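Read the structure below first, then the notes.
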Amino acid sequence: MSTTLTLLQTAADAISLGQVLRTATGLALLGGLGLFFRPLLVGIGRAAVLTVRPRPPKAQRLAERH
């Protein structure tokens, strides 16, 4: 039990509560922005993929299907 208390006190001295709260708040805001802008980010990702590997023309896709 004393080892656990010593570890907790050492951790409490090394990291302040304000720093923990600031980090948690920053991560929450970053996650919220990610969820809010998810459709935009997905669209940007798809556009980037299409610039690297464009889709074949419609006639070629129909010919490959048949």
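For the structure I just gave you, tell me whether GLN19 is open to solvent by 100 Å² or more (accessible area, probe 1.4 Å) and of a type outside the set (D, E, K, R).
Values: open to solvent by 100 Å² or more (accessible area, probe 1.4 Å): no; of a type outside the set (D, E, K, R): yes.
No; evaluated as a whole, the condition is false for this residue.
Kindly indicate which of ARG55, ARG61 is open to solvent by 100 Å² or more (accessible area, probe 1.4 Å) and either out of contact with any strand residue (DSSP E or B) (no Cβ under 8 Å at 6 or more places or on another chain) or of a type in the set (D, E, K, R) (or both). Full working, then the answer.
Working: ARG61 fails: open to solvent by 100 Å² or more (accessible area, probe 1.4 Å).
Within the list ARG55, ARG61, the selection yields ARG55.
The values are calculated or read from the model by the stated rules, or taken from the named source; none is laboratory data. Worth saying up front: this structure is predicted, and the values here are computed from it rather than measured. With ideal geometry, Cβ positions are generated from the backbone for all residues, glycine too; neighbour counts draw on all protein chains shown. What goes into the accessible areas is simple: the full protein's heavy atoms, side chains included, and nothing from ligands, DNA or RNA. Shrake-Rupley method; radii C 1.70, N 1.55, O 1.52, S 1.80 Å.
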